[in-house]
Amino acid sequence: MRILLIGDIVGRPGRQVVREKVPRLRAEREIELVVGNCENAAAGAGLTPKTANELFNAGIDVLTSGNHIFDKKEVFQIIETEPRLLRPANYAPGVPGRGVWTGTTPSGHRVTVINLQGRVFMAPTDCPFRTVDGLLEKMEKQVIIVDMHAEATSEKIAMGWHLDGRVSAVFGTHTHVQTADEKILPGGTAYTTDLGMTGPYDGIIGVKRDLVMDKFLRGMPTRFEPSEGDVRLCGAIVEINENNFRATSIERLMLQQ
Ligand SMILES: [Fe+2]
Ligand SMILES: [Fe+2]
């Protein structure tokens with residue numbers, strides 16, 4: 001089976017390129033499941049019920065997220081009731097929402113998606129390594145896909161090796177810059193350090209240049225807004241053998257709008 005993974009969708013330009021490209025990719029590449037990171041989908045930070053629906057209607061099956069998931073208060077209207085929307089599983093007990101989705105693809109294959117968040121150069125959370133170990137202990141063998149939302153490349157690579165042979169794919173999100181290190185690890189886990197941003201590339205990781213420059217040059221508090229031009233969809237297509245749950249290929253995607 002083929003699964004399409006989409007990196008951090010930023011603002012209206014990101015949602016638009018998803019709407020334009022995902023339905024066609026789904027059909028042409030015979031994609032069974034689409035997973036996309038939505039933490040920046042609403043105006044560059046957070047998610048609202050409306051933007052979530054837009055992404056589901058465009059053909060994304062499961063939305064993963066990360067440190068920006070609670071930036072828009074409207075997300076609390078859906079985070080407890082929408083099973084296809086995840087926040088990192090290693091947030092503290094009692095935090096609204098969930099970090100795991102399990103469902104069945106149109107051809108009847110069971111798939112689980114797990115969302116984790118790193119701890120290096122990020123706000124403190126529970127340990128993502130021990131959290132995922134605890135989750136896997138209770139799960140039967142099946143296709144399992146992990147979004148490791150993290151800043152440090154080393155922590156993401158460590159997670160790839162930690163889960164090699166235990167899950168079908170580990171992909172990184174959060175930095176908004178695509179890495180070129182996609183590979184199949186020896187145990188059969190597809191891995192890439194960062195899928196890259198789905199959104200506007202004429203700014204600074206999706207934000208208008210002048211706003212970010214002002215912050216760097218003068219240190220003034222700034223309200224970030226998504227930039228608009230050079231829009232691309234970034235991600236990867238992973239092929240998985242549904243009999244042994246091992247990945248057989250991973251293809252990096254960067255599609256110009
Ligand atoms: Fe992001
Ligand atoms: Fe993030």
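The values are calculated or read from the model by the stated rules, or taken from the named source; none is laboratory data. Because the structure is a prediction, the values reported are computed rather than measured. Note: ideal-geometry Cβ built from the backbone for every residue, glycine included; neighbour counts use all protein chains shown. For accessibility, only protein heavy atoms count, side chains too; no ligands or nucleic acids. Shrake-Rupley method; radii C 1.70, N 1.55, O 1.52, S 1.80 Å.
Can you give me the three principal axis dimensions of segment 55-116 from its C-alpha atoms, in Å, biggest first?
That works out to 35, 25, 18 Å along the principal axes.
Starting from the Cα-Cα distance between Glu140 and Leu211, subtract it from 0.36 nm times their residue separation and give me the gain in nm to one decimal.
20.8 nm
Thr105 to Phe129: extension gain in nm, 0.36 nm per residue of separation minus the Cα-Cα distance? Display every interim value, and only then the final one.
Values: separation 24, 0.36 × 24 = 8.64 nm, distance 2.72 nm.
Result: 5.9 nm gained on full extension.
State the percentage of accessible surface on the chain attributable to carbon and sulfur atoms; use a 1.4 Å probe and exclude ligands, DNA and RNA.
About 51 percent, which is the carbon plus sulfur part of the accessible surface.
Counting other Cβ atoms within 10 Å, keep those with at most 10, restrict to DSSP loop, and tell me which GluC sites (Glu not before Pro) in segment 85-167 are left.
Working: sites: Glu137, Glu140, Glu151, Glu155; in loops: Glu140, Glu151.
Sparse-neighbourhood loop GluC sites (Glu not before Pro): Glu140.
Computed from the mean reciprocal separation of all distinct C-alpha pairs, what Kirkwood hydrodynamic radius does segment 1-120 have, in Å? Could you put the intermediate results ahead of the total?
Working: mean 1/r = 0.0696 Å⁻¹.
Over segment 1-120, the inverse of the mean reciprocal pair distance is 14.4 Å.
Are there any trypsin sites (Lys or Arg not before Pro) in segment 172-223 that are in a DSSP loop and have at most 13 other Cβ atoms within 10 Å? List them by number.
Sparse-neighbourhood loop trypsin sites (Lys or Arg not before Pro): Arg223.
So what's the projected area for segment 156-257, the Cα convex hull averaged over all directions, in nm²?
Working: hull surface 30.7 nm².
So the Cα hull casts an average projection of 7.7 nm².
Measure nothing but the geometry: give the 0 to 90° angle between the long axis through the Cα atoms of 128-137 and the longest principal axis through the Cα atoms of the chain, rounded to 10°.
With both axes taken from Cα atoms, the answer is about 30 degrees.
Across 10 Å bins from the origin, how do the percents of Cα pairs in segment 89-210 run, short distances first?
Calculated over all Cα pairs of segment 89-210, the distribution is 13, 41, 33, 11, 1 percent.
Exactly which trypsin sites (Lys or Arg not before Pro) in segment 69-151 are in a DSSP loop and have at most 14 other Cβ atoms within 10 Å?
Lys138, Lys141
For the chain, what Kirkwood radius comes out of the mean inverse Cα-Cα distance, in Å?
Numbers: mean 1/r = 0.0557 Å⁻¹.
By the Kirkwood definition, the hydrodynamic radius is 17.9 Å.
Eigenvalues of the Cα gyration tensor times 5, then square-rooted: what semi-axes does that give for segment 193-245, in whole angstrom, largest first? Before the final figure, lay out each step's value.
Values: eigenvalues 246, 30, 10 Å².
Calculated on Cα positions only, the semi-axes equal 35, 12, 7 Å.
Work out, step by step, the length gained on full extension between Arg24 and Asp71: first 0.36 nm times the residue separation, then minus their alpha carbon distance; give nm to one decimal.
Taking Arg24 through Asp71 to full extension adds about 13.8 nm, to one decimal.
How large is the accessible surface of His162 in square angstrom, using a 1.4 angstrom probe and rounding to the nearest 10?
60 Å²
Give me the distance between the Cα centres of segment 136-167 and segment 7-64, rounded to whole Å.
Between the Cα centre of segment 136-167 and that of segment 7-64, the gap is 22 Å.
Could you tell me how many degrees, from 0 to 90 and to the nearest 10, lie between the Cα long axis of helix 153-163 and the main elongation axis, the longest principal axis, of the Cα atoms of the chain?
20 degrees
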